[in-house]
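Only one structure is covered here, and it is reproduced in the block below.
The values are calculated or read from the model by the stated rules, or taken from the named source; none is laboratory data. All figures in this text were calculated on a predicted structure; none of them were measured in a lab. Heads up, the Cβs are rebuilt from the backbone with ideal geometry, glycines too, and the neighbour counts pull from every protein chain shown. Only protein heavy atoms, including side chains, enter the accessible area calculation; ligands, DNA and RNA are left aside. Shrake-Rupley method; radii C 1.70, N 1.55, O 1.52, S 1.80 Å.
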Amino acid sequence: MVRALGRLSRGYSDDPGPLSALVLLVVGAVTIWVGLSGLWIVRTWEAPAWWHLVPLLVGCAANLVRRSHPGITLAVAVPVFMADLLIGGSLAVLLVLFDAIYSAERFGSQRLRQVVRFGAGVVTVGVTIASALAGMPPRAVAAMALQTVAMLAVPIWWALDVRHRTELADAATARAELEVSRAAERARAQDAERRSAVQAERSRMARELHDAVAGDVSALVIRAGAALAAPPGPSDRESLAAVRESGLHALGELRTMIEVLAADGTAEPIAPTLTQDGAELLERAEAQADGVAPADLAPLTPAVDRAGYRVLQEALTNAARHGRPGTTRVHIQRDGDRVEMRVRNAVERGSEPATGIGLASMTERAHAVGGMLEVGIEEDTWTVAATLPATS
C-alpha cells in the first residue's frame with residue numbers, strides 16, 4: 001500500500017497536467033460537496049457552495065500547463081484564489097493554489113523560483129503583521145502565521161525535495177551510463193590489444209617459419225632442379241645427398257617450431273646463432289667467404305647472434321634463388337663493437353631489387369637489435385650489407 005501511494009505521488013508530482021488537473025477537479029468537487037467551503041468569510045453573506053466550482057474549473061484549466069508553463073498556472077491560480085476568498089473561500093481552490101506553487105518551484109526557471117520564494121516570504125510576513133495590527137490575540141496571530149506558512153512553504157519544500165531526489169536519480173543514471181560506456185571502451189581496447197598481440201605473434205611466427213625453412217627449401221628446389229637439368233651421371237648421388245641434407249635441416253627447423261607452438265606458451269624456439277651455426281650455413285650454401293670465421297666474432301649478445309644468423313641465411317637464400325650459380329661472395333668482419341657482413345652475387349643485367357618478405361624480414365631483424373641493412377644492385381652485382389652492434 002505504501003509503495004503504491006509512493007508511485008502515485010511520484011506520478012502526480014511529475015505529471016505534465018492532465019492527470020493532476022483531473023485529480024484536483026474531482027477532489028475539489030468532493031470537498032465542496034461535503035461542505036468544505038466558506039472557510040474564510042470575507043463578505044457578510046456566504047455564497048452558495050456551487051459558486052466555488054467556477055474558480056475551481058478555471059484553476060484546473062490553468063493546471064493543464066503546469067509543467068510546460070508553470071508561470072501561467074501560478075499567474076491564474078493566485079487571482080482565482082483571491083476571487084474564491086471573496087465568496088467565502090474553499091479547500092478545493094486552496095489545493096489549486098498549493099499545486100500551482102509546487103509546479104512553479106518544481107518545473108519553473110530559476111528566476112520564477114526566486115520570485116515564488118520571495119513572494120511567499122512577503123505574504124507570510126504581511127499576513128502576520130496585518131493580523132497583529134487588526135487586534136487579534138497572540139494565539140490567533142500565531143495560528144494565522146502557521147497557516148500561511150503551511151499554505152506557502154510546504155509546497156515549496158515538497159518541490160525542492162522532489163527535484164533533489166530527481167537530480168540524484170539522474171546523476172546515478174548518468175554515472176551508470178558512463179560506467180557502461182567506459183566498460184565498453186575498455187572491452188574494445190582489450191579486444192584491439194588482443195587482436196594486435198595475435199597479429200604480432202602471427203607475424204613473428206611467419207617470419208620465423210620463413211627464415212627457418214625458406215632457405216633450406218629453396219636450396220632443395222634449386223639442387224633438385226639442377227640435377228634434373230643436368231644429364232644423368234655420377235653427380236646424381238651428390239645432388240641427392242645435398243637435397244636430402246637440405247630437407248633434413250628444414251624438417252629439423254619445422255620440428256623445433258612445432259614443438260614451441262605445441263608447448264604451454266612459455267617456451268622460446270632454440271634458434272641457431274651466427275657464431276655457432278654460421279660456418280655450417282656457409283658450407284651448405286657453398287659460398288666463398290673471406291674475413292673472419294663466424295665463430296671468431298664471439299662474444300655477441302644472444303639477440304645479435306640470432307639476428308646475424310637469420311640475416312646471413314636470408315641473404316644466402318636470395319643469392320641462391322636469384323643469383324648466378326657460383327658467384328656468391330661473403331665477407332664477415334668485426335670492427336670494434338660492430339659486426340659487418342656483406343653478401344654479393346652476380347645477377348642478370350636489368351634485374352630489379354627484390355621487395356618480398358625476405359628483404360622485409362632481414363631489415364626488421366637488423367633494426368630490432370639496433371643495426372642497419374642496405375641492399376642494392378650495382379651493374380650486375382646484388383649486394384646485401386648488414387652492420388650489427390656487438391652488444392644491443
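How many of the residues making up region 28-44 are modelled with pLDDT of 65 or more, farther than 16 Å from Phe81 by Cα and not small (Gly, Ala, Ser)?
3
Residue check: is Ile129 modelled with pLDDT of 85 or more and either closer than 21 Å to Gly71 by Cα or touching a helix residue (DSSP H, G or I) at 6+ places or on another chain (Cβ under 8 Å) (or both)?
No, not satisfied.
Results for (1) at pLDDT 85 or above; (2) in contact with a helix residue (DSSP H, G or I) (Cβ under 8 Å, 6 or more places away or on another chain); (3) aliphatic (A, V, I, L, M), shown as yes or no for each residue.
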site: Tyr309; (1), (2), (3): yes, yes, no
site: Thr317; (1), (2), (3): no, yes, no
site: Arg324; (1), (2), (3): no, no, no
site: Ile332; (1), (2), (3): yes, yes, yes
site: Ile357; (1), (2), (3): no, yes, yes
site: Ser361; (1), (2), (3): no, yes, no
site: Val369; (1), (2), (3): yes, yes, yes
site: Trp382; (1), (2), (3): yes, yes, no
site: Leu388; (1), (2), (3): yes, yes, yes
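Just checking: which of the helices (runs of 4 or more DSSP H) contained wholly in region 35-146 hold 1 or more residues that are closer than 18 Å to Ser20 by Cα?
Counting at least 1 such residues, we get 53-63, 70-86, 91-107.
For Arg163, state whether it is surrounded by 10 or more Cβ atoms within 10 Å (Cβ to Cβ), closer than 30 Å to Ala315 by Cβ and at pLDDT below 85.
Criteria not met by Arg163.
Of the residues Gln147, Gln110, which single one is under 21 Å from Gly28 (Cβ atoms) and polar (S, T, N, Q)?
Gln147
Scan region 126-149 residue by residue and report those that are open to solvent by 50 Å² or more (accessible area, probe 1.4 Å) and closer than 20 Å to Tyr102 by Cα.
Leu146, Gln147, Val149
Of the residues in region 281-315, how many are touching a His at 6+ places or on another chain (Cβ under 9 Å) and open to solvent by 20 Å² or more (accessible area, probe 1.4 Å)?
Final tally of qualifying residues: 4.
For the condition at pLDDT below 80, within 30 Å of Arg321 (Cα to Cα), open to solvent by 70 Å² or more (accessible area, probe 1.4 Å) and among the aliphatic types (A, V, I, L, M), what is the one hit in Ala219, Ala212, Ala229?
Within the list Ala219, Ala212, Ala229, the selection yields Ala229.
Can you give me the number of residues within region 77-120 that are open to solvent by 20 Å² or more (accessible area, probe 1.4 Å) and in contact (Cβ under 8 Å) with a residue 60 or more places away in the chain?
Of the residues in that region, 3 qualify.
How many residues does region 279-298 hold that are without any contact (Cβ under 8 Å) to a residue 24 or more places away in the chain and over 12 Å from Ile332 (Cα atoms)?
Residues in region 279-298 being without any contact (Cβ under 8 Å) to a residue 24 or more places away in the chain and over 12 Å from Ile332 (Cα atoms): 3 in total.
How many residues are touching a His at 6+ places or on another chain (Cβ under 8 Å) and within 21 Å of Thr301 (Cβ to Cβ) when one looks only at region 369-385?
1
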